[in-house]
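Trainee: Quick one: structure below, then a few questions.
The values are calculated or read from the model by the stated rules, or taken from the named source; none is laboratory data. Note that the coordinates shown come from a computational prediction; the quantities given were computed from them, not determined experimentally. For neighbour counting, all protein chains shown are included, and Cβ atoms are generated from backbone atoms with ideal geometry for every residue, glycine included. Surface accessibility is based on the protein's heavy atoms, side chains included, excluding ligands, DNA and RNA. Shrake-Rupley method; radii C 1.70, N 1.55, O 1.52, S 1.80 Å.
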Amino acid sequence: MSSVAGPASEPVALSDVEIGRLRADTPGTASVVHLNNAGASMSPEPVVEAVVGYLRREAEIGGYEAHAESESRVEGVYRSLAQLINAGPDEIALLESATRAWDMAFYAIDVKPGDRILTSRAEYASNAIAILQTVRRHGVVVEVVPDGPDGALSTTALESMIDDRVRLIAVNHVPSQNGLVNPVARIGAIARRAGVLFLLDACQSLGQLPVDVADIGCHLLSGTGRKFLRGPRGTGFLYVDRTILEQLEPPFLDNHAARWTAPDSYRMRSDARRFETWEASYAARLGLGVAADYAMTVGLAAIAARNSALTGRLRSGLDSITGVRTHDRGTVKSAITTFTVEGHHPAQVRDQLRARRVNVSVTTADTALFDMPGRGIDAVVRASPHYFNTEAEVDALLICLEDIRKTPAV
Ligand SMILES: Cc1ncc(COP(=O)(O)O)c(C=O)c1O
């Protein structure tokens, strides 16, 4: 695949020829309209080849031997992810999901009773549950920063909530369930000015938008492989700003994260890998590295521009269908579009679309209890195009919905 990225600030539009090549790298596009990239995308062939090739090698020469043989490629994964977010390779830890990465960072923060944790209304269930457990165990206080008029986190409200007791700001970049992009660089500036730790959940933004930790100013960032980054399932990673590493002791340590230095002592690693475990799927990790390289070769600015065009087409198409309602918020929109179809439960809509070979997913209120019930929403259908989708595929979804809307609900 050729590079189509221009200088960082100048997205080069993906041409039809280039889209054709990208689709040829993703054979599944020939048989299914995959608009569920916020759930799990389809990995391109180079990712599949990296994973399968490594597994084959393990079978041929042995697991430890394959690892030894591929040591420099495995090291390359850290460099690729670091480049993706403008960090250093020593600031990257590889984990099995965004949740585990987020948890490892969160539970490593030393908190005391009365400390305040500020989070967003759009926070994801797993993060909220971990925060609530810490409220129970350690007597910290969780406070939800109100949204601004556009539905994104209000940075004015956040700024007014800062005081000496705020220990952590934990918010997401792109929520799962409402189509917006949070103003993360402004949040980072507030956190840095106040000297407060900032943990960013970038699970849904990585691979669909340029994500630069230096611009954002977060201290910690979690990401997943399988969504817009198009890596294998079971992969994720954590970024840890090296200037705060020594403040953090991971909740679990093993003999990769730390060295057993004497019968009664141990010493943690001096890089972000103190958050990792010794055992891991190296096949999946290699796939994750290739996925990051692939996204950078396509170009994150070009991807964001293409996704914005596809999602804009989708949103206006949805808004023009009687009985279909979009629920997206935010001035800056992501590639996630949420909607409901009058008289049809979102799960029925998803299933009927799947029967027509169109993949979307459903997001239910229990994944976003600070957010969805307050908006009177139980569940939404979520369509999330990515750069390899075509305008015709977006239109195919719209045509199916017209059809579904006319059929009596079961
Ligand atoms: C915003 C957000 N954060 C975190 C997660 C959890 O990611 P993972 O399943 O990789 O742990 C998700 C998953 O949908 C998500 O949408």
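Trainee: For LEU180, what residues show an amide H to amide H distance below 5 Å, using hydrogens built from the backbone and excluding near sequence neighbours?
Mentor: Long-range HN contacts for LEU180: ARG329, SER334.
Trainee: Here's another thing I want to ask about it. Can you tell me the dipole magnitude for segment 132-224 around its Cα centre, using point charges on the Cβ only (Lys, Arg +1; Asp, Glu -1), in Debye to the nearest 20?
Mentor: That gives a dipole near 340 debye.
Trainee: Per-residue accessible area for LYS227 at 1.4 Å probe radius, Å² rounded to 10?
Mentor: Roll a 1.4 Å probe over it and LYS227 shows about 20 Å².
Trainee: Computed FRET efficiency, Cβ-Cβ of TRP260 and LYS406, R0 51 Å: what is it to the nearest 0.05?
Mentor: Plugging the Cβ-Cβ distance into 1/(1 + (r/R0)^6) gives 0.15.
Trainee: Could you tell me which of PRO175, ILE244, ALA189 has its Cα farthest along the dipole of the chain towards the positive end, charges placed at Cβ (Lys, Arg +1; Asp, Glu -1), taken about the Cα centre?
Mentor: PRO175
Trainee: Also, quick follow-up: Once you place label points 7 Å from the Cα toward the Cβ at ILE129 and ALA392, how far apart are they in nm?
Mentor: Taking the two extended label points, one gets 4.2 nm.
Trainee: Rounding to the nearest 20 debye, state how big the charge dipole of the chain is about its Cα centre with +1 on each Lys and Arg Cβ and -1 on each Asp and Glu Cβ.
Mentor: Result for the chain is approximately 640 debye, rounded to the nearest 20.
Trainee: How many angstrom separate the Cα center of segment 63-96 from the Cα center of segment 334-410?
Mentor: So the two Cα centres are separated by 36 Å.
Trainee: Shifting gears a bit: Take each of the peptides 356-362, 218-224, average the number of other beta-carbon atoms within 10 Å over its residues, and list them starting from the highest.
Mentor: 218-224, 356-362
Trainee: Report the trypsin sites (Lys or Arg not before Pro) located in segment 132-182 that are in a DSSP loop and have at most 13 other Cβ atoms inside 10 Å of their Cβ, or state none.
Mentor: Qualifying residues, ordered by number: ARG165.
Trainee: Once a ≥ b ≥ c are taken as the square roots of the eigenvalues of the Cα gyration tensor of segment 62-171, is the result rounded (a/c under 1.5), prolate (a/b larger than b/c) or oblate (a/b not larger than b/c)?
Mentor: Taking the square roots of the gyration eigenvalues as a ≥ b ≥ c, segment 62-171 is prolate.
Trainee: To the nearest 20 debye, what is the magnitude of the charge dipole of segment 62-195 about its Cα centre, counting +1 on the Cβ of each Lys and Arg and -1 on the Cβ of each Asp and Glu?
Mentor: Around 480 debye, computed over segment 62-195.
Trainee: Also: Hey, rough spin-label estimate for ASP164 and GLU49, points 7 angstrom out along Cα→Cβ, what's it come to in nanometres?
Mentor: Label at ASP164, label at GLU49, 6.0 nm between them.
Trainee: At a Förster distance of 22 Å, what's the computed FRET efficiency of THR322 paired with SER15, Cβ-Cβ distance as r, to 0.05?
Mentor: 0.05
Trainee: Related question: Sort LEU14, LEU200 by heavy-atom solvent-accessible area, probe 1.4 angstrom, most to least.
Mentor: Correct descending sequence by accessible area is LEU14, LEU200.
Trainee: Another question, then. For segment 288-320, list residues with backbone N below 19 Å from a point placed 7 Å from the Cα of ASN86 toward its Cβ?
Mentor: 292-293, 295-305
Trainee: Considering the dipole of the chain built from charges on the beta carbon (Lys and Arg +1, Asp and Glu -1) around the Cα centre, which of GLY317, VAL290, GLY376 is farthest to its positive end?
Mentor: Looking along the dipole axis, the top candidate is GLY376.
Trainee: Moving to a separate point now. Let me know the shape class of the chain, please: from the alpha-carbon gyration tensor, a ≥ b ≥ c as square roots of the eigenvalues, rounded when a/c is under 1.5, otherwise prolate if a/b is greater than b/c, or oblate.
Mentor: oblate
Trainee: Whole-Hz ³J(HN,Hα) for each residue in segment 83-94, computed from phi via Karplus 6.51 cos²θ - 1.76 cosθ + 1.60 with θ = phi - 60°, x for glycine and proline: what do you get?
Mentor: In residue order, the calculated couplings are 5, 4, 10, 6, 10, x, x, 6, 9, 10, 10, 9 Hz.
Trainee: Placing +1 on the Cβ of each Lys and Arg and -1 on the Cβ of each Asp and Glu in the chain, which of GLY225, ILE92, SER361 has its Cα farthest towards the positive end of the resulting dipole?
Mentor: Checking the options against the dipole of the chain, the answer is SER361.
Trainee: Another question about this same structure. Pop out the ³J(HN,Hα) list for segment 126-138 in order, Karplus 6.51 cos²θ - 1.76 cosθ + 1.60 with θ = phi - 60°, rounded to Hz; leave Gly and Pro as x.
Mentor: 4, 5, 4, 5, 5, 5, 5, 5, 6, 4, 5, 6, 10
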